[in-house]
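See structure below.
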Amino acid sequence: MSEYLPPSSESEFENNFKQIKPLMNETEAYYESSRCLFCYDAPCVNACPSDIDIPLFIRQINSKDPLASAKTIYDSNYFGYACGKVCPTEVLCEGACVYNHQDVKPIEIGRLQSFATGKAISTNKQLYRLPASNGKKVAIIGAGPAGISCACELKMLGFDVDVFESKEKPSGLTVHGVAPYKITNKEALDEMDYLEKQFQYKVHYKKAISSKADIDELEKKYDAIVIGFGLGKTSMINIPGEDKENCFGAVEFVEKLRMSHHKTAVAKNVIVLGGGNTAMDAASESARMGAEKVILAYRRSKEEMGAYDFEYDLAKGVGVKGMFSVSPLEITGNGKVTGVKFIRTKTVNGKLENVAGSEFTETCDWVIKATGQSKQVELLKLMNGVSIDSKGRIEVNAETFQTKNPKYFAAGDAVSGGQEVVNAAAEGRKAARGIKKYLTK
Ligand SMILES: Cc1cc2nc3c(=O)[nH]c(=O)nc-3n(C[C@H](O)[C@H](O)[C@H](O)COP(=O)(O)OP(=O)(O)OC[C@H]3O[C@@H](n4cnc5c(N)ncnc54)[C@H](O)[C@@H]3O)c2cc1C
Ligand code: SF4
(Lines give C-alpha, C1' and ligand atoms only; values in the text may rest on other atoms or scores of the structure.)
(Ligands and ions follow the chains in the order given, each with its own letter.)
Protein backbone atom coordinates (compact mmCIF):
# COMPACT_ATOMS: atom_id res chain seq x y z
CA MET A 1 0.00 0.00 0.00
CA SER A 2 1.46 3.34 -1.05
CA GLU A 3 1.99 5.93 1.68
CA TYR A 4 1.37 8.78 -0.77
CA LEU A 5 -1.90 10.58 -1.53
CA PRO A 6 -2.52 11.79 -5.10
CA PRO A 7 -1.06 15.33 -5.25
CA SER A 8 -3.60 17.99 -6.14
CA SER A 9 -1.25 21.00 -6.34
CA GLU A 10 2.32 21.76 -7.39
CA SER A 11 3.44 21.96 -3.77
CA GLU A 12 1.91 18.56 -2.98
CA PHE A 13 3.62 17.16 -6.07
CA GLU A 14 6.96 18.57 -4.89
CA ASN A 15 6.36 17.04 -1.49
CA ASN A 16 5.69 13.58 -2.96
CA PHE A 17 8.74 13.92 -5.20
CA LYS A 18 11.23 15.38 -2.69
CA GLN A 19 14.74 15.53 -4.13
CA ILE A 20 16.81 12.50 -3.13
CA LYS A 21 20.02 14.50 -3.64
CA PRO A 22 19.02 17.99 -2.47
CA LEU A 23 21.34 20.93 -3.12
CA MET A 24 23.96 21.46 -0.43
CA ASN A 25 24.33 24.80 1.32
CA GLU A 26 27.77 26.45 1.70
CA THR A 27 28.47 24.91 5.11
CA GLU A 28 27.54 21.40 4.01
CA ALA A 29 29.66 21.74 0.85
CA TYR A 30 32.64 23.10 2.75
CA TYR A 31 32.42 20.36 5.38
CA GLU A 32 31.95 17.57 2.82
CA SER A 33 34.81 18.85 0.64
CA SER A 34 37.11 18.86 3.69
CA ARG A 35 36.66 15.07 4.02
CA CYS A 36 38.17 14.40 0.56
CA LEU A 37 41.66 12.85 0.65
CA PHE A 38 42.54 14.35 -2.79
CA CYS A 39 43.88 10.97 -3.82
CA TYR A 40 46.68 10.61 -6.36
CA ASP A 41 45.44 8.68 -9.45
CA ALA A 42 41.99 8.98 -7.86
CA PRO A 43 39.71 5.98 -8.46
CA CYS A 44 36.67 8.29 -8.54
CA VAL A 45 38.06 9.97 -11.69
CA ASN A 46 38.74 6.62 -13.37
CA ALA A 47 35.11 5.66 -12.73
CA CYS A 48 33.70 8.87 -14.30
CA PRO A 49 32.72 8.46 -17.99
CA SER A 50 33.38 12.17 -18.51
CA ASP A 51 36.82 12.20 -16.81
CA ILE A 52 36.08 15.12 -14.50
CA ASP A 53 39.07 16.06 -12.31
CA ILE A 54 37.11 15.29 -9.14
CA PRO A 55 39.83 15.90 -6.49
CA LEU A 56 40.60 19.27 -8.12
CA PHE A 57 36.99 20.50 -8.18
CA ILE A 58 36.47 19.33 -4.59
CA ARG A 59 39.65 21.14 -3.51
CA GLN A 60 38.41 24.32 -5.19
CA ILE A 61 35.16 24.10 -3.22
CA ASN A 62 37.25 23.65 -0.10
CA SER A 63 39.25 26.76 -1.04
CA LYS A 64 35.91 28.61 -1.19
CA ASP A 65 36.12 29.09 -4.95
CA PRO A 66 32.99 27.34 -6.29
CA LEU A 67 33.15 29.16 -9.64
CA ALA A 68 36.64 27.83 -10.36
CA SER A 69 35.29 24.45 -9.31
CA ALA A 70 32.37 24.83 -11.77
CA LYS A 71 34.87 25.62 -14.54
CA THR A 72 36.83 22.45 -13.75
CA ILE A 73 33.59 20.46 -14.02
CA TYR A 74 32.29 22.13 -17.22
CA ASP A 75 35.75 21.72 -18.81
CA SER A 76 34.93 17.99 -18.87
CA ASN A 77 31.13 17.78 -18.79
CA TYR A 78 28.63 20.39 -20.05
CA PHE A 79 25.85 18.62 -18.12
CA GLY A 80 27.77 19.11 -14.85
CA TYR A 81 24.78 20.21 -12.79
CA ALA A 82 22.36 17.60 -14.17
CA CYS A 83 24.90 14.79 -13.84
CA GLY A 84 25.56 15.68 -10.20
CA LYS A 85 21.89 15.00 -9.57
CA VAL A 86 20.96 12.19 -11.97
CA CYS A 87 24.13 10.11 -12.40
CA PRO A 88 24.10 6.68 -10.76
CA THR A 89 27.02 7.91 -8.62
CA GLU A 90 26.55 4.89 -6.35
CA VAL A 91 28.03 2.70 -9.10
CA LEU A 92 30.32 5.33 -10.66
CA CYS A 93 32.48 7.93 -8.84
CA GLU A 94 31.06 7.49 -5.34
CA GLY A 95 31.09 3.72 -5.72
CA ALA A 96 34.83 3.94 -6.46
CA CYS A 97 35.73 6.41 -3.67
CA VAL A 98 38.50 5.00 -1.42
CA TYR A 99 36.35 5.51 1.69
CA ASN A 100 34.25 2.50 0.63
CA HIS A 101 37.21 0.28 1.61
CA GLN A 102 37.31 1.78 5.09
CA ASP A 103 33.64 1.41 5.96
CA VAL A 104 33.26 5.17 5.83
CA LYS A 105 30.56 6.95 3.81
CA PRO A 106 32.04 7.90 0.41
CA ILE A 107 32.37 11.57 -0.50
CA GLU A 108 29.08 12.93 -1.87
CA ILE A 109 30.69 13.83 -5.19
CA GLY A 110 27.40 14.28 -7.07
CA ARG A 111 25.98 16.78 -4.60
CA LEU A 112 29.28 18.71 -4.47
CA GLN A 113 29.29 18.84 -8.28
CA SER A 114 25.77 20.28 -8.39
CA PHE A 115 26.66 22.74 -5.61
CA ALA A 116 29.57 24.22 -7.60
CA THR A 117 27.87 24.28 -11.03
CA GLY A 118 24.68 25.59 -9.39
CA LYS A 119 26.69 28.67 -8.26
CA ALA A 120 27.81 29.34 -11.85
CA ILE A 121 24.24 28.93 -13.15
CA SER A 122 22.56 31.07 -10.49
CA THR A 123 25.10 33.89 -10.96
CA ASN A 124 25.12 33.42 -14.76
CA LYS A 125 28.92 33.40 -14.61
CA GLN A 126 30.53 33.61 -18.06
CA LEU A 127 33.19 30.92 -17.80
CA TYR A 128 34.22 30.72 -21.45
CA ARG A 129 35.21 33.07 -24.25
CA LEU A 130 34.16 31.86 -27.69
CA PRO A 131 36.72 31.93 -30.52
CA ALA A 132 35.97 33.63 -33.84
CA SER A 133 33.89 31.60 -36.29
CA ASN A 134 35.87 29.28 -38.59
CA GLY A 135 33.11 29.61 -41.23
CA LYS A 136 32.03 25.94 -41.10
CA LYS A 137 28.46 25.02 -40.21
CA VAL A 138 27.20 21.99 -38.31
CA ALA A 139 23.59 20.80 -37.88
CA ILE A 140 22.65 18.75 -34.83
CA ILE A 141 19.46 16.68 -34.70
CA GLY A 142 18.21 16.53 -31.10
CA ALA A 143 18.75 18.86 -28.12
CA GLY A 144 19.39 16.09 -25.58
CA PRO A 145 22.61 15.58 -23.59
CA ALA A 146 24.46 14.28 -26.68
CA GLY A 147 23.30 17.09 -29.00
CA ILE A 148 23.73 19.98 -26.55
CA SER A 149 27.16 18.82 -25.35
CA CYS A 150 28.25 18.52 -28.96
CA ALA A 151 26.89 22.04 -29.66
CA CYS A 152 28.84 23.58 -26.73
CA GLU A 153 32.10 21.91 -27.74
CA LEU A 154 31.65 22.81 -31.43
CA LYS A 155 31.17 26.47 -30.47
CA MET A 156 34.37 26.30 -28.42
CA LEU A 157 36.08 24.99 -31.58
CA GLY A 158 34.79 27.90 -33.70
CA PHE A 159 31.92 26.21 -35.60
CA ASP A 160 28.50 27.73 -36.33
CA VAL A 161 25.86 25.43 -34.88
CA ASP A 162 22.13 24.93 -35.46
CA VAL A 163 20.29 22.41 -33.29
CA PHE A 164 16.96 21.00 -34.50
CA GLU A 165 14.67 19.78 -31.71
CA SER A 166 11.22 18.26 -32.17
CA LYS A 167 10.00 19.22 -28.68
CA GLU A 168 9.44 22.60 -27.02
CA LYS A 169 12.19 22.17 -24.44
CA PRO A 170 15.87 21.18 -24.51
CA SER A 171 17.78 18.56 -22.48
CA GLY A 172 16.04 15.47 -23.92
CA LEU A 173 15.23 12.80 -21.37
CA THR A 174 16.86 14.87 -18.60
CA VAL A 175 13.62 16.83 -18.37
CA HIS A 176 11.26 14.41 -20.18
CA GLY A 177 12.39 11.09 -18.71
CA VAL A 178 14.53 11.13 -15.56
CA ALA A 179 12.54 10.70 -12.33
CA PRO A 180 11.34 14.03 -10.83
CA TYR A 181 12.83 13.14 -7.41
CA LYS A 182 16.29 13.29 -9.02
CA ILE A 183 16.09 16.63 -10.80
CA THR A 184 13.31 19.23 -11.10
CA ASN A 185 12.22 20.61 -14.48
CA LYS A 186 13.48 24.04 -13.42
CA GLU A 187 16.92 22.74 -12.52
CA ALA A 188 17.31 20.87 -15.82
CA LEU A 189 16.12 23.84 -17.89
CA ASP A 190 18.10 26.46 -15.95
CA GLU A 191 21.31 24.65 -16.90
CA MET A 192 20.15 24.57 -20.55
CA ASP A 193 19.45 28.35 -20.49
CA TYR A 194 22.86 28.92 -18.99
CA LEU A 195 24.60 26.85 -21.68
CA GLU A 196 22.60 28.43 -24.52
CA LYS A 197 23.58 31.93 -23.34
CA GLN A 198 27.17 30.94 -22.70
CA PHE A 199 27.83 29.12 -25.99
CA GLN A 200 25.35 30.87 -28.31
CA TYR A 201 24.35 27.92 -30.48
CA LYS A 202 20.91 28.27 -32.01
CA VAL A 203 18.17 25.77 -31.12
CA HIS A 204 15.17 25.52 -33.47
CA TYR A 205 12.44 24.16 -31.22
CA LYS A 206 9.42 22.19 -32.50
CA LYS A 207 11.42 21.41 -35.62
CA ALA A 208 11.49 17.66 -36.14
CA ILE A 209 13.78 16.34 -38.85
CA SER A 210 11.55 13.66 -40.28
CA SER A 211 11.49 13.58 -44.10
CA LYS A 212 13.91 13.02 -46.94
CA ALA A 213 13.41 16.70 -47.86
CA ASP A 214 14.51 17.76 -44.34
CA ILE A 215 17.61 15.58 -44.61
CA ASP A 216 18.45 16.81 -48.13
CA GLU A 217 18.25 20.40 -46.90
CA LEU A 218 20.60 19.72 -43.99
CA GLU A 219 23.06 17.98 -46.30
CA LYS A 220 23.01 20.97 -48.65
CA LYS A 221 23.38 23.68 -46.00
CA TYR A 222 25.79 22.13 -43.51
CA ASP A 223 29.35 20.83 -43.57
CA ALA A 224 28.58 18.08 -41.04
CA ILE A 225 25.47 16.62 -39.38
CA VAL A 226 25.25 15.15 -35.89
CA ILE A 227 22.65 12.54 -35.02
CA GLY A 228 21.72 13.03 -31.36
CA PHE A 229 18.07 12.03 -31.49
CA GLY A 230 18.19 9.25 -28.93
CA LEU A 231 15.68 6.41 -29.05
CA GLY A 232 12.02 6.12 -30.02
CA LYS A 233 8.80 5.06 -28.33
CA THR A 234 8.43 2.07 -25.97
CA SER A 235 8.75 -1.20 -27.89
CA MET A 236 5.77 -3.51 -28.32
CA ILE A 237 5.85 -6.83 -26.43
CA ASN A 238 3.54 -8.40 -29.00
CA ILE A 239 1.02 -10.08 -26.72
CA PRO A 240 -2.78 -9.95 -27.11
CA GLY A 241 -4.50 -6.96 -25.49
CA GLU A 242 -1.57 -4.54 -25.74
CA ASP A 243 -3.82 -2.09 -27.62
CA LYS A 244 -6.35 -1.82 -24.76
CA GLU A 245 -7.10 1.51 -23.14
CA ASN A 246 -4.86 2.12 -20.09
CA CYS A 247 -2.00 0.00 -21.36
CA PHE A 248 0.92 2.23 -22.33
CA GLY A 249 4.67 2.65 -22.44
CA ALA A 250 6.76 3.74 -19.46
CA VAL A 251 8.62 6.42 -21.43
CA GLU A 252 5.34 7.97 -22.54
CA PHE A 253 3.93 7.82 -18.97
CA VAL A 254 7.04 9.38 -17.45
CA GLU A 255 7.10 12.17 -20.04
CA LYS A 256 3.46 13.01 -19.34
CA LEU A 257 4.17 13.06 -15.61
CA ARG A 258 7.21 15.31 -16.04
CA MET A 259 5.31 17.77 -18.21
CA SER A 260 1.97 17.81 -16.31
CA HIS A 261 3.06 17.01 -12.73
CA HIS A 262 0.04 16.82 -10.37
CA LYS A 263 -2.36 17.11 -13.31
CA THR A 264 -1.42 13.56 -14.39
CA ALA A 265 -4.07 11.11 -13.24
CA VAL A 266 -2.72 7.74 -12.08
CA ALA A 267 -4.88 4.62 -11.51
CA LYS A 268 -5.23 2.93 -8.12
CA ASN A 269 -3.97 -0.45 -9.22
CA VAL A 270 -0.90 -0.48 -11.48
CA ILE A 271 1.19 -3.29 -12.93
CA VAL A 272 4.58 -2.34 -14.37
CA LEU A 273 6.15 -4.87 -16.74
CA GLY A 274 9.96 -4.92 -16.83
CA GLY A 275 13.09 -5.18 -14.71
CA GLY A 276 15.26 -2.28 -15.86
CA ASN A 277 15.81 1.18 -14.38
CA THR A 278 12.90 2.64 -16.37
CA ALA A 279 10.59 0.01 -14.84
CA MET A 280 11.79 1.03 -11.34
CA ASP A 281 11.16 4.70 -12.17
CA ALA A 282 7.66 4.08 -13.57
CA ALA A 283 6.73 1.97 -10.52
CA SER A 284 8.17 4.47 -8.00
CA GLU A 285 6.50 7.37 -9.74
CA SER A 286 3.10 5.62 -9.83
CA ALA A 287 3.36 5.00 -6.08
CA ARG A 288 4.38 8.60 -5.39
CA MET A 289 1.40 9.76 -7.46
CA GLY A 290 -0.85 7.95 -4.99
CA ALA A 291 -1.50 4.59 -6.71
CA GLU A 292 -2.65 2.26 -3.90
CA LYS A 293 -1.10 -0.91 -5.26
CA VAL A 294 1.89 -1.07 -7.60
CA ILE A 295 3.28 -4.41 -8.74
CA LEU A 296 6.54 -4.68 -10.62
CA ALA A 297 6.40 -7.87 -12.68
CA TYR A 298 9.61 -9.28 -14.15
CA ARG A 299 9.99 -12.47 -16.16
CA ARG A 300 13.27 -13.54 -14.56
CA SER A 301 14.53 -13.60 -10.96
CA LYS A 302 15.19 -10.52 -8.82
CA GLU A 303 18.94 -11.15 -9.13
CA GLU A 304 18.73 -11.08 -12.92
CA MET A 305 17.04 -7.65 -13.13
CA GLY A 306 18.96 -5.10 -15.19
CA ALA A 307 18.09 -2.31 -12.73
CA TYR A 308 20.63 -1.05 -10.21
CA ASP A 309 19.99 -2.35 -6.67
CA PHE A 310 19.57 1.18 -5.33
CA GLU A 311 16.84 1.87 -7.91
CA TYR A 312 14.92 -1.24 -6.78
CA ASP A 313 15.40 -0.19 -3.15
CA LEU A 314 13.95 3.23 -3.98
CA ALA A 315 10.86 1.57 -5.50
CA LYS A 316 10.45 -0.84 -2.58
CA GLY A 317 10.84 2.10 -0.19
CA VAL A 318 7.64 3.67 -1.55
CA GLY A 319 5.61 0.47 -1.33
CA VAL A 320 6.19 -1.15 -4.75
CA LYS A 321 5.88 -4.96 -4.63
CA GLY A 322 8.16 -7.12 -6.80
CA MET A 323 6.74 -10.20 -8.55
CA PHE A 324 9.48 -12.29 -10.15
CA SER A 325 9.74 -15.15 -12.66
CA VAL A 326 6.41 -14.31 -14.30
CA SER A 327 5.91 -13.63 -17.98
CA PRO A 328 2.88 -11.72 -19.35
CA LEU A 329 0.74 -13.75 -21.77
CA GLU A 330 -2.13 -11.35 -22.32
CA ILE A 331 -3.49 -7.99 -21.19
CA THR A 332 -7.06 -8.80 -20.18
CA GLY A 333 -10.15 -6.58 -20.31
CA ASN A 334 -13.01 -5.55 -22.49
CA GLY A 335 -11.76 -2.39 -24.21
CA LYS A 336 -10.10 -1.18 -20.99
CA VAL A 337 -7.43 -3.02 -19.04
CA THR A 338 -8.70 -5.20 -16.16
CA GLY A 339 -5.59 -7.28 -15.52
CA VAL A 340 -2.63 -9.24 -16.83
CA LYS A 341 -2.60 -12.98 -17.44
CA PHE A 342 0.83 -14.32 -16.43
CA ILE A 343 2.61 -17.65 -16.58
CA ARG A 344 5.35 -18.58 -14.15
CA THR A 345 8.84 -19.11 -15.54
CA LYS A 346 12.00 -20.99 -14.57
CA THR A 347 15.52 -21.00 -15.95
CA VAL A 348 16.71 -24.34 -17.34
CA ASN A 349 20.30 -24.56 -18.62
CA GLY A 350 20.42 -20.77 -18.84
CA LYS A 351 17.20 -20.62 -20.91
CA LEU A 352 13.93 -19.15 -19.71
CA GLU A 353 11.03 -21.62 -19.86
CA ASN A 354 7.35 -21.28 -19.02
CA VAL A 355 6.04 -23.60 -16.27
CA ALA A 356 3.16 -25.52 -17.87
CA GLY A 357 -0.22 -25.06 -16.18
CA SER A 358 0.98 -22.17 -13.93
CA GLU A 359 -1.11 -19.43 -15.55
CA PHE A 360 -2.84 -16.90 -13.28
CA THR A 361 -4.41 -13.47 -13.68
CA GLU A 362 -3.51 -10.42 -11.58
CA THR A 363 -6.11 -7.65 -11.69
CA CYS A 364 -5.20 -4.00 -12.27
CA ASP A 365 -6.53 -0.77 -13.87
CA TRP A 366 -3.31 0.20 -15.63
CA VAL A 367 -0.46 -1.64 -17.32
CA ILE A 368 2.79 0.25 -17.85
CA LYS A 369 5.20 -1.47 -20.21
CA ALA A 370 8.84 -0.75 -19.39
CA THR A 371 10.15 -3.11 -22.00
CA GLY A 372 12.73 -0.94 -23.73
CA GLN A 373 12.65 1.83 -26.31
CA SER A 374 12.52 1.23 -30.06
CA LYS A 375 15.23 2.60 -32.41
CA GLN A 376 14.54 5.35 -34.95
CA VAL A 377 15.35 3.00 -37.82
CA GLU A 378 13.00 4.50 -40.45
CA LEU A 379 14.56 7.93 -40.03
CA LEU A 380 18.06 6.48 -40.28
CA LYS A 381 17.17 4.79 -43.56
CA LEU A 382 16.82 8.30 -45.08
CA MET A 383 20.48 9.03 -44.33
CA ASN A 384 22.52 7.41 -47.06
CA GLY A 385 25.39 5.27 -45.82
CA VAL A 386 24.66 5.64 -42.09
CA SER A 387 24.76 2.01 -41.02
CA ILE A 388 23.24 0.28 -37.99
CA ASP A 389 24.08 -2.98 -36.22
CA SER A 390 21.71 -5.92 -35.66
CA LYS A 391 20.22 -4.12 -32.62
CA GLY A 392 19.48 -0.92 -34.57
CA ARG A 393 22.35 1.08 -33.01
CA ILE A 394 24.25 3.48 -35.26
CA GLU A 395 27.74 2.21 -36.09
CA VAL A 396 30.45 4.80 -35.41
CA ASN A 397 34.20 5.05 -35.11
CA ALA A 398 34.79 4.63 -31.35
CA GLU A 399 37.14 7.62 -31.18
CA THR A 400 35.67 10.18 -33.57
CA PHE A 401 31.99 9.11 -33.51
CA GLN A 402 31.95 9.45 -37.29
CA THR A 403 29.45 7.14 -39.04
CA LYS A 404 30.07 5.19 -42.25
CA ASN A 405 28.89 8.32 -44.16
CA PRO A 406 31.76 10.74 -43.36
CA LYS A 407 29.46 13.77 -43.23
CA TYR A 408 27.42 12.25 -40.38
CA PHE A 409 28.48 11.87 -36.75
CA ALA A 410 26.36 10.31 -34.01
CA ALA A 411 26.38 10.18 -30.21
CA GLY A 412 24.28 9.22 -27.20
CA ASP A 413 21.50 6.65 -26.91
CA ALA A 414 21.13 6.37 -30.71
CA VAL A 415 24.64 4.87 -30.70
CA SER A 416 24.73 3.03 -27.36
CA GLY A 417 21.14 1.75 -27.41
CA GLY A 418 20.49 3.46 -24.06
CA GLN A 419 22.92 4.45 -21.31
CA GLU A 420 23.07 7.43 -18.94
CA VAL A 421 23.10 11.21 -19.34
CA VAL A 422 26.82 11.29 -18.56
CA ASN A 423 27.66 8.85 -21.37
CA ALA A 424 25.63 10.82 -23.93
CA ALA A 425 27.24 14.09 -22.79
CA ALA A 426 30.75 12.60 -23.04
CA GLU A 427 30.09 11.17 -26.51
CA GLY A 428 28.61 14.43 -27.82
CA ARG A 429 31.82 16.17 -26.89
CA LYS A 430 33.96 13.53 -28.57
CA ALA A 431 31.84 13.77 -31.74
CA ALA A 432 32.56 17.53 -31.85
CA ARG A 433 36.29 16.83 -31.76
CA GLY A 434 35.78 14.19 -34.45
CA ILE A 435 34.11 16.85 -36.62
CA LYS A 436 37.01 19.21 -36.09
CA LYS A 437 39.41 16.51 -37.24
CA TYR A 438 37.24 15.79 -40.29
CA LEU A 439 36.64 19.39 -41.37
CA THR A 440 40.06 20.83 -40.70
CA LYS A 441 42.30 18.02 -41.90
C1 LIG B 1 12.58 6.85 -18.00
C2 LIG B 1 14.05 7.13 -18.09
C3 LIG B 1 14.74 7.47 -16.94
C4 LIG B 1 16.12 7.71 -17.02
N5 LIG B 1 16.77 8.04 -15.86
C6 LIG B 1 18.11 8.33 -15.91
C7 LIG B 1 18.80 8.72 -14.73
O8 LIG B 1 18.24 8.75 -13.63
N9 LIG B 1 20.11 9.05 -14.84
C10 LIG B 1 20.77 9.04 -16.04
O11 LIG B 1 21.95 9.40 -16.09
N12 LIG B 1 20.15 8.65 -17.17
C13 LIG B 1 18.82 8.31 -17.13
N14 LIG B 1 18.18 7.91 -18.28
C15 LIG B 1 18.95 7.80 -19.54
C16 LIG B 1 19.26 9.17 -20.13
O17 LIG B 1 18.19 10.03 -19.99
C18 LIG B 1 19.69 9.02 -21.58
O19 LIG B 1 20.75 8.10 -21.66
C20 LIG B 1 20.14 10.34 -22.20
O21 LIG B 1 19.15 11.33 -22.06
C22 LIG B 1 20.47 10.13 -23.67
O23 LIG B 1 20.77 11.36 -24.28
P24 LIG B 1 20.60 11.57 -25.85
O25 LIG B 1 20.97 12.97 -26.10
O26 LIG B 1 21.28 10.50 -26.58
O27 LIG B 1 19.03 11.32 -26.13
P28 LIG B 1 17.73 12.03 -25.55
O29 LIG B 1 17.90 12.48 -24.16
O30 LIG B 1 16.63 11.07 -25.84
O31 LIG B 1 17.57 13.32 -26.46
C32 LIG B 1 17.23 13.23 -27.82
C33 LIG B 1 16.55 14.50 -28.25
O34 LIG B 1 16.29 14.43 -29.67
C35 LIG B 1 14.97 14.88 -29.93
N36 LIG B 1 14.53 14.24 -31.17
C37 LIG B 1 14.19 12.94 -31.37
N38 LIG B 1 13.87 12.73 -32.66
C39 LIG B 1 14.03 13.91 -33.30
C40 LIG B 1 13.87 14.34 -34.65
N41 LIG B 1 13.48 13.48 -35.59
N42 LIG B 1 14.11 15.63 -34.96
C43 LIG B 1 14.51 16.51 -34.00
N44 LIG B 1 14.66 16.17 -32.72
C45 LIG B 1 14.46 14.88 -32.37
C46 LIG B 1 14.19 14.45 -28.71
O47 LIG B 1 13.01 15.21 -28.57
C48 LIG B 1 15.19 14.71 -27.59
O49 LIG B 1 15.12 16.02 -27.10
C50 LIG B 1 16.81 7.63 -18.25
C51 LIG B 1 16.11 7.28 -19.41
C52 LIG B 1 14.75 7.01 -19.33
C53 LIG B 1 14.01 6.60 -20.57
S1 SF4 C 1 38.41 8.66 -4.19
FE2 SF4 C 1 37.13 9.75 -2.66
S3 SF4 C 1 38.61 10.63 -1.24
FE4 SF4 C 1 39.78 10.05 -3.10
S5 SF4 C 1 39.79 11.92 -4.40
FE6 SF4 C 1 38.00 10.72 -5.01
S7 SF4 C 1 36.32 11.59 -3.73
FE8 SF4 C 1 38.25 12.25 -2.76
| request: Using the 2.2 N^0.38 Å rule of thumb for compact globular proteins, work out how region 167-229 stacks up: its C-alpha Rg over that value, please. | output: 1.34
| field | Alpha-carbon Debye profile of region 20-122, log10 I(q)/I(0) at 0.11, 0.14 Å⁻¹ | value | -0.26, -0.43
| Once the whole set of protein chains is in place, how much accessible area is left on LEU5, using a 1.4 Å probe, in Å² to the nearest 10? | 140
| remark: Simple spin-label estimate for GLN102/PHE360, 7 Å along Cα→Cβ, in nm, reads 5.0
| LYS207 versus GLU26, label points 7 Å from Cα toward the beta carbon: distance in nm? | 4.3
| said: As an exercise, identify the trypsin sites (Lys or Arg not before Pro) in region 315-408 lying in DSSP coil whose Cβ has no more than 13 other Cβ atoms within 10 Å. | reply: LYS391
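Mind listing which GluC sites (Glu not before Pro) in region 120-195 are in a DSSP loop and have 14 or fewer other Cβ atoms within 10 Å?
GLU168
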| said: Suppose R0 equals 25 Å. What FRET efficiency, 1/(1 + (r/R0)^6) with r the Cβ-Cβ distance, do LEU127 and ASN46 give to the nearest 0.05? | reply: 0.50
| said: Limiting things to C-alpha atoms, what are the Rg and the maximum Cα-Cα separation (Dmax) for the chain, in angstroms? | reply: 22.6, 71
| Between GLU304 and LEU329, what FRET efficiency follows from the Cβ-Cβ distance if R0 is 22 Å, with the result rounded to 0.05? | 0.65
| query | Given the pairs LYS136/LYS206; LYS119/LYS197; LYS268/LYS336; LYS404/LYS436; LYS346/LYS391, which span a C-alpha to C-alpha distance of over 21 angstrom in this model? | reply | LYS136/LYS206; LYS346/LYS391
| remark: Probe 1.4 Å, heavy atoms of protein chains only: per residue, the accessible area of region 247-369 in Å² is 43
| R0 = 56 Å: FRET efficiency of GLU14 with ASN349, Cβ-based, nearest 0.05? | 0.65
| Can you pull the semi-axes for region 247-369, root of five times each eigenvalue of the Cα gyration tensor, sorted largest first, whole Å? | 24, 18, 11
| Proximal charge balance of ALA291 [Cβ under 12 Å; K/R count +1, D/E count -1] | 0
| request: Using label points projected 7 Å from each Cα along Cα→Cβ, tell me how many nm separate LYS186 and TYR438, to one decimal. | output: 4.0
| message | Just to confirm the filter: which chymotrypsin sites (Phe, Trp or Tyr not before Pro) across region 1-75 are DSSP coil and have at most 10 other Cβ within 10 angstrom of their Cβ? | response | TYR40
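The values are calculated or read from the model by the stated rules, or taken from the named source; none is laboratory data. Quick caveat: nothing in here was measured; it's all calculated off a predicted structure. All Cβ positions, glycine included, derive from the backbone under ideal geometry; neighbour counts span all protein chains shown. We work out accessible area using only protein heavy atoms, side chains counted, and drop any ligands, DNA or RNA first. Shrake-Rupley method; radii C 1.70, N 1.55, O 1.52, S 1.80 Å.
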